[in-house]
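Engineer: Below are the structure tokens for one structure; questions will follow.
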Amino acid sequence: MGKSVLIIEDDRNIADLLRLYLEKEGYEVAIAYDGGKGVERFREMQPSLVLLDLMLPVLNGWGVCRTIRAESDIPIIMLTAKGETTDKVTGLKLGADDYITKPFEMKEVLARIEAVLRRSGVEPEKAAKRLDFDRLTIDMDAFELIADGKKIDTPPKEMELLYYLASSPNRVYTRNQLLDEVWGFEYLGDSRTVDVHIKRLREKLEGISDQWSLKTVWGVGYKFEVVNA
């Protein structure tokens, strides 16, 4: 059975982004948008780990943490915009296993989750990060791009960008979305960086198959288009 994560977070954008990343890593994910519902979902779900915001309506993160700790030793990672040492110490004293300050990078969150689960004796079951299309394999575990049976030399960001787009065939992403998802929230570069990487990928994949392609959606962004997907 796969591992499960309960996200208790009132910012729906953050919660949805966390869900997207975690589900791609093979986790079962549930969300509660206030502390009271969070405790209810915890009792129903009995997740492998809880991602817990501090500033919550109905019942704040401290209260949720106390309640969970009185009933279970399930790992808890606190997410909050507060960065003061006293808040971190309070969270850890209440039984939180780790503490991440917003804004954060999703890669850091995933790494922290895996580390906390390992420390608690629960190894996360990760989904294989490999996508197969007609004459194309994107293998993030081996970090290999195979096109028409040949390994294509591909830098890390190009691989990550292609994998991200191909993970949701025919879904359109804006440049800013791709910058946030692939480069991270703290990236301060130009959005044209995405254009450059797309151009390089197209040059490498040109003529491989007519069943898929990297498409520009003018005025919006890009998508990995798959025929009859």
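Engineer: Among the listed pairs Lys157/Lys223; Lys107/Lys150; Lys151/Lys223; Lys157/Lys204; Lys3/Lys129, which are separated by more than 18 Å between their Cα atoms?
Structural biologist: Correct reply: Lys107/Lys150; Lys151/Lys223.
Engineer: Using a 1.4 angstrom probe on heavy atoms only, work out the carbon and sulfur share of the accessible area of the chain in %. Before the final figure, lay out each step's value.
Structural biologist: Numbers: 5610 of 11570 Å².
On the chain, the fraction of accessible area on carbon and sulfur atoms equals 48 percent.
Engineer: Output the 0 to 90 degree angle, nearest 10, between the alpha-carbon long axis of helix 35-45 and the longest principal axis computed from the alpha carbons of the chain.
Structural biologist: For helix 35-45, the angle is close to 70 degrees.
Engineer: Rounded to the nearest 0.05, what FRET efficiency do Leu20 and Arg66 give with R0 = 35 Å and r taken as the Cβ-Cβ distance? Could you check? Could the numbers behind the result be given before it?
Structural biologist: Details: r = 30 Å, r/R0 = 0.85.
Calculated value: 0.75.
Engineer: Per-residue HN-Hα couplings for segment 26-31, Karplus 6.51 cos²θ - 1.76 cosθ + 1.60 at θ = phi - 60°, whole Hz, x for Gly and Pro?
Structural biologist: Result, rounded to whole Hz: x, 7, 7, 10, 10, 10.
Engineer: In whole Hz, what ³J(HN,Hα) sequence does segment 172-184 give by Karplus (6.51, -1.76, 1.60; θ = phi - 60°), x for Gly and Pro?
Structural biologist: Result, rounded to whole Hz: 8, 10, 6, 4, 5, 4, 5, 4, 5, 6, 9, 8, x.
Engineer: Please work out the ratio of the alpha-carbon Rg of segment 142-188 to 2.2 N^0.38 Å and round it to two decimals.
Structural biologist: Against the compact-globule rule of thumb, the ratio is 1.28.
Engineer: Please enumerate, by chain and number, the aspartates and glutamates with C-alpha under 14 Å from the C-alpha of Lys199, excluding those fewer than 8 residues away in the same chain.
Structural biologist: Result set, ordered by chain and number: Glu158.
Engineer: Ordered by residue, what ³J(HN,Hα) values in Hz, to whole numbers, does segment 146-154 give under the Karplus form 6.51 cos²θ - 1.76 cosθ + 1.60, where θ = phi - 60° and Gly and Pro are x?
Structural biologist: After applying 6.51 cos²θ - 1.76 cosθ + 1.60, I find 10, 10, 6, x, 10, 6, 9, 5, 9 Hz.
Engineer: Next question, about the same structure. Per residue, how many Å² of accessible area does segment 1-80 show with a 1.4 Å probe?
Structural biologist: Accessible area per residue, segment 1-80: 41 Å².
Engineer: So which residue, out of Glu160, Glu40, Glu114, gets the largest mean-square fluctuation from a GNM of the chain using Cα contacts under 10 Å as springs?
Structural biologist: Top of the fluctuation ranking is Glu40.
Engineer: Heavy atoms of the protein only, probe of 1.4 Å, neighbouring chains included. What is the accessible area of Thr101 in Å², nearest 10?
Structural biologist: Roll a 1.4 Å probe over it and Thr101 shows about 50 Å².
Engineer: To continue, here is another question. When all alpha-carbon pairs of the chain are counted, what percent fall beyond 26 Å?
Structural biologist: Numbers: 11560 of 26106 pairs.
Value for the chain: 44 percent of Cα pairs lie more than 26 Å apart.
The values are calculated or read from the model by the stated rules, or taken from the named source; none is laboratory data. Remember, predicted model here, so these are calculated numbers, not experimental data. Virtual Cβ from ideal backbone geometry, glycine too; neighbours counted across all protein chains shown. Remember, those area values only see protein heavy atoms, side chains included, never the ligands or the DNA or RNA. Shrake-Rupley method; radii C 1.70, N 1.55, O 1.52, S 1.80 Å.
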